[in-house]
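Reading through the structure tokens given below for one structure.
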Amino acid sequence: MGSLRFGAYVWAVVAVFLFLFLTACGGSKPPGPSPFPVKITLNPSSSASLQVGATLVLSASAQNVSGNNLAPTFTFVSSNPGILDIAPNGFACAGTWNAPLYTICTAAGVGTVQVTASALGATSPPTIFYIHPPIDNITISVAPPVNSPPPACPSQVALPAACNLKFNTEAAKYCLSQNQVQTLQAKALSQGVDITASVGPFTWSEANASVVRITPLVNPDIHVATYQATASPNTPGQTQVIASASGVFSQPYNFETCPVQCIALEVGTQSSGDTSFSVTKGTSETITATAVDVQGCIVPKAPLTWVSSAPAAVAASCAAGTDTCAVTTAQPGAAAITASCTPPTCNIGFPLNPAALPALFVPQPVYPTTAISGLSTGGAVATTVLASSQDCSGTASCNVGIYNVSSSNGLSGGAGQMPAPPNSLIFDAVGDRAFAGSQFGAFVITPANFGGTTSPFTSLPASGTTLGLVTGKVLAVSSNGGTAIFSDTVSTPNRVYVVNSSSSTTSLNINSAIAAAFSPDGLKGFILGNGGNTLYVYSTLQSLQTYQLAAPATSIVFNSTGSFALLAGGSSPSTLAIRNTCDNSAVNLSITPGLPSPPLFLKMVPAGNVPMGDAIIPSFESAGLDLFFGLDNTGIDVIATNSAPGPVTTLCPQIISLAKTTQNVTFEPLHVNIGFGTFHPINFFLSPDSTQAYIVTSDFGVLIYSFNTGSVSRIPLVNDAAPVAADMAADDSLIFVAGSDGLLHELNTATAFDQNQTLFSPLPNSPNNFCFTGGNCALNLVAVKP
């Protein structure tokens, strides 16, 4: 017996040892996640507002110590079931339920109630419920004191001279500058009784958070939002603010971040005062923009729209919201650089409620008083020329060819067949694309694709047309190349098509449109319809505007900043007319005696690129100067205009007038007879430094007028050919002329010589150079890549 007990003892020890060994080696399964919550969150959390008799479904979530979600059964507890009754499933009644069915909620008292959710020993933080009478309406107002003076502008350097003016103190009463903060308060009424205190928290929202940031004020003792919120201004503009509670929304409150009223542009740093530069190509310059609001405060990082009139030579590819812009110069040429406060990205949302503001205080787009004049110099840069024919633009079956001629060798290469016979051709300002008009479907040409595997032609679709394509002649292309205007004067009824880069098309009912131009910022397109007797203003921000002109106009060009457009004709008895861009209003000009006739061509030149002080172009007083050069069939017109800050009672703040010389004498538009009698111009160009004008005529070849000497020289075409179409390189080194002899003549402006003539070989199975089939086409369509 003793030996048996001893053996049993030994086996017991061995068993314990084996158990411990197996346990140490992981032989047992570890415990699973804890099923017990340590955190419960009630939804809604913090606070909620309910009117008496309303219901709300409560929910809760639970997590264990590891942060894993659990799904226990929750119990909801109200601190005052007589005011807020909760069914077992979490269905809350602002009153009392008809237990045990819990289907009818009967309104009871008002007051505050705390509600918690619990499960397996854990409880959520309490949510405060505000039970209140029904809300009839909610209003928003500025919290007192409302008459305290606004804080001064933040520490800033002195304003630029161009913006050192009296500001719109009346308009400033309705807005806040970016350094100011305003407290808004909501007020809830029930049958005319103020119940705001019993409503509890309000929910605030703004239609456009870039204009204002709304932050509810929180009661620090109970961490619950109140009926007040701070409004922090941001981007200049106007937006609506709404407060809500218990499903009731206030009437919109119109909040304004003070709009921009003045913009100053300077080369280099602020206060340099420089508004022009001349550099060698391949270098860059920095432009500084200072935007000032109606209170006279500088607007930091205003979302300005930067534009160069000749981006292929002088590019200003700067994003909105930058105070400085690095301007690069890839090739010789001249440009005007401007930065405007253009809706919808700047001075946002005006006017939301014109009745709340006097009409004079409704902001419009704002343009600088003076643009920057940029001149890039250096050796000529090779370019390409598109050459084609418009002789069969009225024949659908005509297959027209186009050549891409390089200025480096003057060779035409092979012809590409276009999708439809063209009637017009215009390059965009960058030179990446050319827009071709056609009565049988307009299209875009990408010269870089010639000779490649990708087609250089892209058709422009337009729903609602017979062909399903845009039809007509291309009249204008926007500065960024993103939008073009086409005029169809053949189809019945006549139409104008505005085509943007996304190939979406707007069709306008405009008859006999003959000319168009885009404002530099792309905000508006001015279109001359009804044969030039009516001005139409197109914008994506408003419906088409129509203005009858006192006399027919033939062409439109905008000034360097984009603040106004100059019309050739359009006014009687004057030969010129001016329209403000901001509100399309006519500018009253007294021009006596005026010009012999409205100019046939108009060109804008930034004043900084025009040498002044000689007998032809005198010196001027104003820095806000723009010069326009026109051409008729006897000579050149010189038109000087002045832009100055307008009255402080308006937010279309520029006055346009004829410029004054240093002798303070009004400089009337000047006509310079060049001494060639009556000629027939087909195009007109200016050198980048504006010292020479190149007049391409059908009867005298190319005439060159020197503003320095007043002399005229002539470049005849070889073969005594007559020019039929022409375009000039951006650096003015070469003029390409389609001659009546069927050759493309390359004229060197430095040597005044027709130095090369490009011959186009006949196309296969065709008697001519430009039509594969369907017609006898000659060279008469030329466009030079900028």
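So that you can scan it fast, the table gives a plain yes or no per residue for (1) modelled with pLDDT of 95 or more; (2) aromatic (F, W, Y); (3) in contact with a strand residue (DSSP E or B) (Cβ under 8 Å, 6 or more places away or on another chain); (4) closer than 24 Å to A371 by Cβ:
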{"position": "F518", "(1), (2), (3), (4)": "yes, yes, yes, yes"}
{"position": "D521", "(1), (2), (3), (4)": "no, no, yes, yes"}
{"position": "G532", "(1), (2), (3), (4)": "yes, no, yes, no"}
{"position": "Y536", "(1), (2), (3), (4)": "yes, yes, yes, no"}
{"position": "Q545", "(1), (2), (3), (4)": "no, no, yes, no"}
{"position": "T561", "(1), (2), (3), (4)": "no, no, yes, yes"}
{"position": "F564", "(1), (2), (3), (4)": "no, yes, yes, yes"}
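Is it true that some residue in the range 555-567 is open to solvent by 20 Å² or more (accessible area, probe 1.4 Å), assigned to a loop (DSSP other than H, G, I, E, B) and among the polar types (S, T, N, Q)? No, there is no match, as no residue in the range 555-567 is open to solvent by 20 Å² or more (accessible area, probe 1.4 Å), assigned to a loop (DSSP other than H, G, I, E, B) and among the polar types (S, T, N, Q).
Counting only strands (runs of 3 or more DSSP E) that fall entirely inside the range 62-160 and contain at least 1 residues that are in contact with a Cys (Cβ under 7 Å, 6 or more places away or on another chain) and buried (at least 18 other Cβ atoms within 10 Å of the Cβ), the qualifying elements are 91-93, 95-97, 105-107.
Scanning the range 740-766 for residues that are assigned to a loop (DSSP other than H, G, I, E, B) and either in contact with a Pro (Cβ under 7 Å, 6 or more places away or on another chain) or not aliphatic (A, V, I, L, M) (or both) returns S740, D741, G742, T749, T751, F760, S761, P762, P764, N765, S766. Cβ-Cβ distances below 6 Å connect the following pairs, each with a first residue in the range 674-697 that is more than 15 Å from A752 (Cα to Cα) and without any contact (Cβ under 8 Å) to a residue 60 or more places away in the chain, a second residue that is part of a strand (DSSP E or B) and small (G, A, S), and a separation of six or more residues or different chains: I674/G635.
When you scan the range 740-762, do you find a residue that is in contact with a strand residue (DSSP E or B) (Cβ under 9 Å, 6 or more places away or on another chain), under 17 Å from F629 (Cα atoms) and without any contact (Cβ under 8 Å) to a residue 40 or more places away in the chain, even just one? Checked the range 740-762: no residue is in contact with a strand residue (DSSP E or B) (Cβ under 9 Å, 6 or more places away or on another chain), under 17 Å from F629 (Cα atoms) and without any contact (Cβ under 8 Å) to a residue 40 or more places away in the chain.
Can you find even one residue in the range 688-697 that is open to solvent by less than 30 Å² (accessible area, probe 1.4 Å), more than 23 Å from I639 (Cβ to Cβ) and of a type in the set (A, V, I, L, M, F, W, C)? No; the residues of the range 688-697 include none that is open to solvent by less than 30 Å² (accessible area, probe 1.4 Å), more than 23 Å from I639 (Cβ to Cβ) and of a type in the set (A, V, I, L, M, F, W, C).
Of the residues in the range 483-506, none is within 28 Å of P311 (Cα to Cα), in contact (Cβ under 8 Å) with a residue 40 or more places away in the chain, surrounded by fewer than 22 Cβ atoms within 10 Å (Cβ to Cβ) and among the aliphatic types (A, V, I, L, M). Of all residues in the range 450-473, those that are touching a Lys or Arg at 6+ places or on another chain (Cβ under 8 Å) and part of a strand (DSSP E or B) total 1.
Just wondering, is there one or more residues in the range 504-512 that are over 25 Å from N533 (Cβ atoms) and in a loop (DSSP other than H, G, I, E, B)? I'd like the intermediate steps shown before the answer.
Kept after step one, since they are over 25 Å from N533 (Cβ atoms), are these residues of the range 504-512: 504-505.
Checking the rest, the ones that are also in a loop (DSSP other than H, G, I, E, B) come to 504.
Checking the range 504-512: at least one residue is over 25 Å from N533 (Cβ atoms) and in a loop (DSSP other than H, G, I, E, B).
Checked against (1) modelled with pLDDT of 95 or more; (2) on the phi < 0 side of the Ramachandran plot, S45 passes all but a single condition, namely (1). Filter the range 532-544 for residues that are open to solvent by 50 Å² or more (accessible area, probe 1.4 Å) and part of a strand (DSSP E or B); which is farthest from G349 (Cα to Cα)? Among them, the one singled out is L544.
Please count how many residues of the range 380-402 are in a loop (DSSP other than H, G, I, E, B) and among the aliphatic types (A, V, I, L, M). Steps first, answer last, please.
Our first condition is that a residue be in a loop (DSSP other than H, G, I, E, B); within the range 380-402, this holds for 380-383, 389-398.
Checking the rest, the ones that are also among the aliphatic types (A, V, I, L, M) come to 380-382, 396.
The qualifying residues number 4.
Filter the range 701-718 down to the residues that are surrounded by 19 or more Cβ atoms within 10 Å (Cβ to Cβ) and either within 16 Å of F679 (Cβ to Cβ) or in contact with a strand residue (DSSP E or B) (Cβ under 6 Å, 6 or more places away or on another chain) (or both) and list them by number. If you could, list the steps in order and put the result at the bottom.
The initial filter retains those residues of the range 701-718 that are surrounded by 19 or more Cβ atoms within 10 Å (Cβ to Cβ), namely 701-705, 707, 715, 717.
If the condition is that a residue be surrounded by 19 or more Cβ atoms within 10 Å (Cβ to Cβ) and either within 16 Å of F679 (Cβ to Cβ) or in contact with a strand residue (DSSP E or B) (Cβ under 6 Å, 6 or more places away or on another chain) (or both), then G701, V702, L703, I704, Y705, I715, L717 are the ones that fit.
Taking the range 225-241 as the range and being in contact (Cβ under 8 Å) with a residue 60 or more places away in the chain and within 13 Å of F202 (Cα to Cα) as the test, the residues that pass are A225, Q228, V241.
Which of the residues that make up the range 250-263 are buried (at least 24 other Cβ atoms within 10 Å of the Cβ) and not polar (S, T, N, Q)? Outline the logic, then answer.
In the first step, residues of the range 250-263 are kept if they are buried (at least 24 other Cβ atoms within 10 Å of the Cβ); the result is 255-263.
Correct list: F255, E256, C258, P259, V260, C262, I263.
Filtering T116, T106 for residues that are under 56 Å from the mean Cα position of the chain (by Cα), hydroxyl-bearing (S, T, Y) and under 19 Å from A54 (Cβ atoms) leaves a single hit, T106.
For L189, indicate whether it is more than 17 Å from S246 (Cα to Cα) and surrounded by 15 or more Cβ atoms within 10 Å (Cβ to Cβ). Answer is no for this residue.
Could you tell me which residue of the range 332-360 is nearest to D293 (Cα to Cα), considering only residues that are part of a loop (DSSP other than H, G, I, E, B), open to solvent by less than 20 Å² (accessible area, probe 1.4 Å) and at pLDDT 65 or above?
Quick first cut of the range 332-360, residues part of a loop (DSSP other than H, G, I, E, B) only: 332, 342-347, 349-353, 357-358.
Okay, now just the ones that are also open to solvent by less than 20 Å² (accessible area, probe 1.4 Å), so 332, 342, 346-347, 357.
Applying the additional criterion that residues be at pLDDT 65 or above yields 332, 342, 346-347.
On the way: P332: 36, T342: 14, C346: 12, N347: 10 Å.
Checking each candidate, the answer is N347.
If the condition is being open to solvent by 20 Å² or more (accessible area, probe 1.4 Å), touching a Gly at 6+ places or on another chain (Cβ under 8 Å), in contact (Cβ under 8 Å) with a residue 12 or more places away in the chain and part of a loop (DSSP other than H, G, I, E, B), then the range 266-302 contributes T275, K281, G282, K301.
Condition first: of a type in the set (G, A, S) and without any contact (Cβ under 8 Å) to a residue 24 or more places away in the chain. Now tell me which residues in the range 420-475 satisfy that.
Looking only at the range 420-475, we keep the residues that are of a type in the set (G, A, S), and these are 420, 424, 429, 431, 434, 436-438, 441-442, 448, 451-452, 455, 459, 462-464, 468, 472.
Those that are of a type in the set (G, A, S) and without any contact (Cβ under 8 Å) to a residue 24 or more places away in the chain: A448, G452, S455, G468.
Kindly establish whether A659 is hydrophobic (A, V, I, L, M, F, W, C), at pLDDT below 85, within 20 Å of S309 (Cα to Cα) and open to solvent by less than 30 Å² (accessible area, probe 1.4 Å). Talk me through it step by step, then tell me what you get.
Numbers: hydrophobic (A, V, I, L, M, F, W, C): yes; at pLDDT below 85: yes; within 20 Å of S309 (Cα to Cα): no; open to solvent by less than 30 Å² (accessible area, probe 1.4 Å): yes.
For A659, the condition - hydrophobic (A, V, I, L, M, F, W, C), at pLDDT below 85, within 20 Å of S309 (Cα to Cα) and open to solvent by less than 30 Å² (accessible area, probe 1.4 Å) - is not met.
For the range 767-786, a residue qualifies if it is open to solvent by 20 Å² or more (accessible area, probe 1.4 Å) and assigned to a loop (DSSP other than H, G, I, E, B), and the qualifying residues are P767, N769, G774, G775, N776, A778, N780, K785, P786. Applying the criterion of being open to solvent by less than 70 Å² (accessible area, probe 1.4 Å) and polar (S, T, N, Q) to the residues of the range 728-756, the residue that is farthest from A429 (Cα to Cα) is N756. Here A721 fulfils each of the conditions (1) over 43 Å from the mean Cα position of the chain (by Cα); (2) open to solvent by 20 Å² or more (accessible area, probe 1.4 Å) apart from (2).
The values are calculated or read from the model by the stated rules, or taken from the named source; none is laboratory data. Keep in mind that this is a model prediction, so the values were computed, not measured. Neighbour counts run over all protein chains shown; Cβ positions are idealised from the backbone, glycine included. Surface accessibility is based on the protein's heavy atoms, side chains included, excluding ligands, DNA and RNA. Shrake-Rupley method; radii C 1.70, N 1.55, O 1.52, S 1.80 Å.
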